1. Suppose the filter is without any contact (Cβ under 8 Å) to a residue 24 or more places away in the chain and either in contact with a Cys (Cβ under 6 Å, 6 or more places away or on another chain) or of a type outside the set (D, E) (or both); does N91 pass it?
2. Within the stretch 34-124, which helices (runs of 4 or more DSSP H) (wholly inside it) include 3 or more residues that are open to solvent by 20 Å² or more (accessible area, probe 1.4 Å) and farther than 19 Å from N18 by Cα?
3. Mind listing just one residue for me: the one in the stretch 1-59 that is basic (K, R) and in contact with a strand residue (DSSP E or B) (Cβ under 7 Å, 6 or more places away or on another chain) and, of those, nearest to V122 (Cα to Cα)?
4. E17: touching a Phe, Trp or Tyr at 6+ places or on another chain (Cβ under 7 Å) and open to solvent by 50 Å² or more (accessible area, probe 1.4 Å), yes or no?
5. In the stretch 49-88, how many are touching a residue at least 40 places away in the same chain (Cβ under 8 Å), among the acidic types (D, E) and within 22 Å of G33 (Cβ to Cβ)?
6. So for the stretch 221-234 (the condition being among the basic types (K, R), surrounded by fewer than 22 Cβ atoms within 10 Å (Cβ to Cβ), out of contact with any helix residue (DSSP H, G or I) (no Cβ under 9 Å at 6 or more places or on another chain) and farther than 20 Å from S135 by Cα), does at least one residue qualify?
7. Which members of the stretch 125-137 meet the condition of being of a type in the set (G, A, S) and assigned to a helix (DSSP H, G or I)?
8. Within the stretch 94-112, which residues are aliphatic (A, V, I, L, M) and touching a residue at least 60 places away in the same chain (Cβ under 8 Å)?
Amino acid sequence: NPVVAHRGAFKKNNFPENSIAALKHAIELRCTGSEFDVRMTADDSLIINHDPHYHKLEIEKTTYAALAQFQLSNNENLPTLREYLLAGLVNNKQTRLVLEIKPSGISKERGKLIAEKVVSLVKELRAGPMIVYISFDYDILKKIIEMDSKAVTQYLNGDKSPKELKADKISGADYHLSVFQKKPEWIDEAKKNKIILNAWTVNKAEDMQWLLSKGFDYITTNEPELLFEIMTRK
């Protein structure tokens, strides 16, 4: 199935986004992927959080210990990447872990350092076959490929053609739905160049149906249950 749960399958059961509970629910639903966001603290801890701030603290300039005093709304601890990956590998043969590395607000070099640390941890946990790496930062993806030529990578920003992605050995175009609506020719170009097609963040039934009709490999959504329902109707 093409269903990628955006920040885990959080919405229906009111789990916090990017929580281990949301990840586990995506695995229970048998989504093809569950997306989550990685940032690095001031003391180089890799943590899961979408926004650059957590409880009004700037993550890149705050230690993990200072951030971790605040729990998620379901009383989970703020997850580290290690904890998150280990949870995602348990009893899971079908749901890929779609790992978004957020660009560093400090420097491009720090972004590359985060990529290095992430890939090293993935290798240590032997999680590589279950990982898809995504980022808005093109240099982060190039750094990942430099470290692991077999890594599956998808670019998020929507400003590179499928031919450009292929030239740089990036596996997929994971663009906002509107990019493909404005440039539908990129859909055929991606298929011709064997570039994976993914769209985000798709929550309306009519948009899901349009992407399914165009043969997208993946659809990233806050409404995984709705997308499964639409697929069973077909």
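1. On the way: without any contact (Cβ under 8 Å) to a residue 24 or more places away in the chain: no; either in contact with a Cys (Cβ under 6 Å, 6 or more places away or on another chain) or of a type outside the set (D, E) (or both): yes.
The answer is no for N91.
2. Working: elements: 64-67, 81-89, 108-124.
Where helices (runs of 4 or more DSSP H) fall fully within the stretch 34-124 and carry at least 3 residues being open to solvent by 20 Å² or more (accessible area, probe 1.4 Å) and farther than 19 Å from N18 by Cα, they are 108-124.
3. At the first step, the residues of the stretch 1-59 found to be basic (K, R) are 7, 11-12, 24, 30, 39, 56.
Right, trim to in contact with a strand residue (DSSP E or B) (Cβ under 7 Å, 6 or more places away or on another chain) and you get 7, 39.
Values: R7: 19, R39: 15 Å.
So, considering only residues that are basic (K, R) and in contact with a strand residue (DSSP E or B) (Cβ under 7 Å, 6 or more places away or on another chain), the one nearest to V122 (Cα to Cα) is R39.
4. Numbers: touching a Phe, Trp or Tyr at 6+ places or on another chain (Cβ under 7 Å): yes; open to solvent by 50 Å² or more (accessible area, probe 1.4 Å): yes.
Here the answer is yes, as E17 does meet what is asked.
5. 2
6. If we filter the stretch 221-234 for residues that are among the basic types (K, R), which is where we start, we get 233-234.
Next, from what is left, pick out any that are surrounded by fewer than 22 Cβ atoms within 10 Å (Cβ to Cβ): 233-234.
Pick out the ones that are also out of contact with any helix residue (DSSP H, G or I) (no Cβ under 9 Å at 6 or more places or on another chain) and you get 233.
When the remaining residues are screened for being farther than 20 Å from S135 by Cα, the result is 233.
Yes: one or more hits.
7. Restricting attention to the stretch 125-137, the residues satisfying the condition of being of a type in the set (G, A, S) are 127-128, 135.
Hit for the stretch 125-137 is G128, nothing else.
8. Our first condition is that a residue be aliphatic (A, V, I, L, M); within the stretch 94-112, this holds for 97-99, 101, 106.
Correct list: L97, V98, L99, I101.
The values are calculated or read from the model by the stated rules, or taken from the named source; none is laboratory data. These numbers come from a predicted model, not from an experiment. Using ideal geometry, Cβ is built from the backbone for each residue, glycine included, and neighbour counts are taken over all protein chains shown. SASA here: full protein model, heavy atoms, side chains in, ligands and nucleic acids out. Shrake-Rupley method; radii C 1.70, N 1.55, O 1.52, S 1.80 Å.
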